[in-house]
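**Q** Okay, handing you the structure first.
The values are calculated or read from the model by the stated rules, or taken from the named source; none is laboratory data. Treat the numbers as computed from the prediction; the structure is a model and nothing was measured. Virtual Cβ from ideal backbone geometry, glycine too; neighbours counted across all protein chains shown.
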Amino acid sequence: MKISLLLLTLLLAAVWTGSQGSSFRSPGVKCCSSEMFFPRKIPAFRIKSYQYTASRCSHKAALVKLPKGTVCVNPEAGWFRDYLKQKKPTNTSM
């Protein structure tokens, strides 16, 4: 009886951790909560790189790497979209 209870507990624990998202399986996945968003425009010269959060995150965000750390920004913000337009290579062939 004790062994079957232990097995049932282990099985439930495995199911629970599997349902908690990728944080247990992929520790490198970073998501942003609503409190983490940087509220102001970031000057383009300060942005070293950026990447979008995973689609399974509850908030769409861009992780922007700055000289002193990484911040979350709204990828739909006008200033960020302008930044992306400036960084896209233009096609000069006709």
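**Q** Pairs only if they're at least six apart or on different chains, beta carbon under 8 angstrom, first in the stretch 60-78 and in contact (Cβ under 8 Å) with a residue 12 or more places away in the chain, second among the small types (Gly, Ala, Ser) and assigned to a strand (DSSP E or B); list them, first residue then second.
**A** Partner pairs satisfying both residue conditions: VAL64/SER49; LYS65/SER49; CYS72/ALA62; VAL73/ALA62; ASN74/ALA62; PRO75/ALA62.
**Q** On the given criteria, is LYS60 touching a helix residue (DSSP H, G or I) at 6+ places or on another chain (Cβ under 7 Å), among the basic types (Lys, Arg) and at pLDDT 65 or above?
**A** no
**Q** Condition first: over 11 Å from the mean Cα position of the chain (by Cα), at pLDDT 90 or above, surrounded by 11 or more Cβ atoms within 10 Å (Cβ to Cβ) and in a loop (DSSP other than H, G, I, E, B). Can you find one or more residues in the stretch 45-57 that meet it?
**A** Within the stretch 45-57, one or more residues are over 11 Å from the mean Cα position of the chain (by Cα), at pLDDT 90 or above, surrounded by 11 or more Cβ atoms within 10 Å (Cβ to Cβ) and in a loop (DSSP other than H, G, I, E, B).
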